[in-house]
Each structure stands twice: as C-alpha cells, then as structure tokens.
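Below is one structure, written out as structure tokens; comments come after it.
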Amino acid sequence: MSMRSALITIWQYTAGWVFFAVWIPLIMIVTAVTLGRRKATLGNAMVRGFGKGALWIAGVRLALDPAARAELGRRRARVLTFNHSSTLDLFVGAALQPEGGVTVVKREILHVPLLGQAVRVLDMLPIDRSNRERTTATLGAAAARLRSERLSAVIAPEGTRSLDGELGAFKTGAFHLAIDAGVPVVPIVMHGCTRLWPLGSAHCEPGTLRIEVLDEVSTEGMT
C-alpha cells in the first residue's frame, strides 16, 4: 500500500467511525423524542444527511442527470431499483433517499454495530433471504405500506454485491413487491461505484459518480 493510499484509508476509517458514532445515535434520539411521528419526513432527511456526510468523508461527489433530480425530488409510491456493485452503494443510496423512501436491506445488517440499530428505528425493511416464508410476509406487508403511505421502496434486485462490477442476475423480490403494490419500477443506475471502491480495496478513491434514472416500468395488469 502506498503512502497516499494509507493516508486515505486512515482518514476515511477514523472520520467515518467518528461520524457514525455521532450521527446514528442522533437519529435514534430524534426518533425517540418525536415518538416516531416524523420518521417519514425528518427520518428521510437524516438518512440523506448520513449518506452525504459519508460521501464527503470519502471525497465522492454525485452528479445527477436532470431526470434523476426530478424523479428523486418528488414523493410517490414506486419501487426504486439500483445496481449493487460496491460498498459505496450504501452511502449513495442513503444520500439519494427520496421523501417517503424505505430501504430494503439484508437482515444481516441488523447485527452491524450502530447501523443495525438505525435500521430498526427508521422502519427499514430487513429481508431474511434464508427464510422464504418470512421474506414473502415481509414483502406483503411492505406492499400494503407502499400503497397506503405513498412510500418508495429502495432495493437492489441483484440481492448481493457484484464481484466484478457487471450487472448480476436479478432475484424476484423487487418485482413481486412492485406488482403486489400495483406501483411502477423505476431503475436507478449508479455509474462508477466499482471504479472508486472495488471489491477488496481498503478505501474509496475520491471522484465523481454519475446517477442516471431510466424510464419507469409499469406493472399494470401484471400478475
């Protein structure tokens, strides 16, 4: 590891854990004080703040095309899908969280210190991929919430991170959820995550990521 890489790694991990140690308990305190009444608005703002803070520490800037900015700037019921190719996706997704956004995460994240507690208080949707019945029940409850509360489910249809940056095979959960809720699928493309933080790298390279939103896919009439 070069001196530059070592310095970047030390900065990102030190500043990152200090930031997490302050911001995530703050989210939990605010949620407790407001008794969860403002999770749909204040909670989303705090999630965006978490993502933007983490990206600032990583030295990453987001460049949204006009369609992406317009789509993510409004609240409506939909399933937002994104390509999962890097650890960086977690922070990008948080920074892009729309109003009424609810992130679908792997149940394993509940065991990560601080992040697991944040997932619980912010009503994110943990999916247990090892238990089909539990996953089906979770998605069914989520579909009802999307319709009644005008929520946007944010989910990676690949289910797990790509090993080489290429798009992997899709699992069906995101599409069952959209069809059950009767809402469209809106694909988000994150360009450059693998380039900045490839699998196995100890740190994220500073740089710019381009965020693109593709045409929505209607689920009307699908079963």
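Within segment 168-188, residues that are modelled with pLDDT under 90 reach partners that are acidic (Asp, Glu) and buried (at least 18 other Cβ atoms within 10 Å of the Cβ) with beta carbons closer than 6 Å, at six or more positions or on different chains, in the pairs Gly168/Glu158.
Scanning segment 2-30 for residues that are within 16 Å of Ala54 (Cβ to Cβ) and in a loop (DSSP other than H, G, I, E, B) returns no hits. Among all positions in segment 156-173, there is no residue which is assigned to a helix (DSSP H, G or I), under 21 Å from Arg48 (Cβ atoms) and not aromatic (Phe, Trp, Tyr).
If you go through segment 101-141 and keep only what is open to solvent by 60 Å² or more (accessible area, probe 1.4 Å), modelled with pLDDT of 70 or more and either in contact with a Ser or Thr (Cβ under 9 Å, 6 or more places away or on another chain) or under 17 Å from Ser152 (Cα atoms) (or both), you end up with Lys106, Arg107. May I ask you to list the residues in segment 151-167 that are among the polar types (S, T, N, Q) and open to solvent by less than 20 Å² (accessible area, probe 1.4 Å)? If the condition is that a residue be among the polar types (S, T, N, Q) and open to solvent by less than 20 Å² (accessible area, probe 1.4 Å), then Ser152, Ser162 are the ones that fit.
Is there a residue being within 21 Å of Ser162 (Cα to Cα), within 16 Å of the chain's Cα centre (by Cα) and either open to solvent by less than 60 Å² (accessible area, probe 1.4 Å) or small (Gly, Ala, Ser) (or both) anywhere in segment 67-79? Yes, that holds for at least one residue. Within segment 207-222, restricting attention to residues that are part of a loop (DSSP other than H, G, I, E, B) and on the phi < 0 side of the Ramachandran plot, the residue that is most open to solvent (accessible area, probe 1.4 Å) is Glu220.
Could you check segment 188-206 and list, in sequence order, the residues that are on the phi < 0 side of the Ramachandran plot and open to solvent by less than 30 Å² (accessible area, probe 1.4 Å)? Write out each step before concluding.
We begin by selecting, within segment 188-206, every residue on the phi < 0 side of the Ramachandran plot; these are 188-191, 193-199, 201-206.
Correct list: Ile188, Met190, Cys193, Leu196, His203, Cys204.
Every condition in (1) touching a residue at least 60 places away in the same chain (Cβ under 8 Å); (2) under 30 Å from Val183 (Cα atoms); (3) open to solvent by 20 Å² or more (accessible area, probe 1.4 Å); (4) not basic (Lys, Arg) holds for Leu90 except the one numbered (1). The residue pairs whose first member lies in segment 140-158 and is without any contact (Cβ under 8 Å) to a residue 60 or more places away in the chain, whose second member is surrounded by 15 or more Cβ atoms within 10 Å (Cβ to Cβ) and assigned to a strand (DSSP E or B), and whose beta carbons are closer than 7 Å, counting only pairs six or more residues apart or on different chains, are Ala142/Leu125; Ala142/Ala153.
The values are calculated or read from the model by the stated rules, or taken from the named source; none is laboratory data. Since the model is a prediction, treat every value here as computed from it, not as a measurement. All Cβ positions, even for glycine, are placed from backbone atoms using ideal geometry, and neighbour counts span all protein chains on display. SASA here: full protein model, heavy atoms, side chains in, ligands and nucleic acids out. Shrake-Rupley method; radii C 1.70, N 1.55, O 1.52, S 1.80 Å.
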